[in-house]
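Chemist: Structure incoming, see below.
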Amino acid sequence: MQQKFCQSCGMPMGDTNQMYGTNKDGSKNQDYCSYCYDNGQFKYNCSMSEMITVCIAPMLEAHPEMSKAQAEQMMKQFLPTLKRWQ
């Protein structure tokens, strides 16, 4: 099974729909996580650059072996491939 990632922040979505955001009708949205998307809209109206800045701390927490510069570079390469930023 292929790993699903939030199409806004790039966070892994896990094996269940627990991390999915919600559509306006309350159903789960399979593209965006609950941190980025709720009730059919994005929680934060931000640029991709701002999203990268916000995501650095959680990325470093999840991957303590990574430097801040490595995390930022990785996100600069990955986020432009996601649905929200195309």
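Read-outs throughout are calculated quantities, based only on the coordinates presented, and are distinct from any laboratory measurement. Computed from a predicted structure; not experimentally measured.
Chemist: Less than 22 Å apart at the alpha-carbon level, and either on another chain or at least 8 residues along: which lysines does that give for residue 83?
Modeler: 4, 24, 28, 43
Chemist: Over what distance in Å are the Cα centres of segment 30-86 and segment 1-20 separated?
Modeler: First find each Cα centre; the distance between them is then 12 Å.
Chemist: In whole Å and largest first, what semi-axes does the C-alpha gyration tensor of the chain yield when each eigenvalue is scaled by 5 and square-rooted?
Modeler: Working: eigenvalues 101, 43, 24 Å².
After scaling each eigenvalue by five and taking roots: 22, 15, 11 Å.
Chemist: Using only Cα atoms, tell me the angle between helix 48-62 and the longest principal axis of the chain; keep it within 0 to 90° and round to the nearest 10.
Modeler: 80
Chemist: Between residue 81 and residue 24, what is 0.36 nm times their sequence separation minus the Cα-Cα distance? Round to one decimal in nm. Please list the in-between numbers first.
Modeler: Working: separation 57, 0.36 × 57 = 20.52 nm, distance 2.53 nm.
Contour length minus Cα-Cα distance gives 18.0 nm.
Chemist: In deg cm²/dmol and to the nearest 500, what is the mean residue ellipticity at 222 nm of the chain if only DSSP H runs of at least 4 residues count, each as -39500 (n - 2.57), divided by the residue total?
Modeler: On the way: 2 runs with 26 residues, N = 86.
My calculation for the chain gives -9500 deg cm²/dmol from helical runs alone.
Chemist: Quick one: helix 68-78 against the long Cα principal axis of the chain, what's the angle to the nearest 10°, folded into 0 to 90?
Modeler: 50
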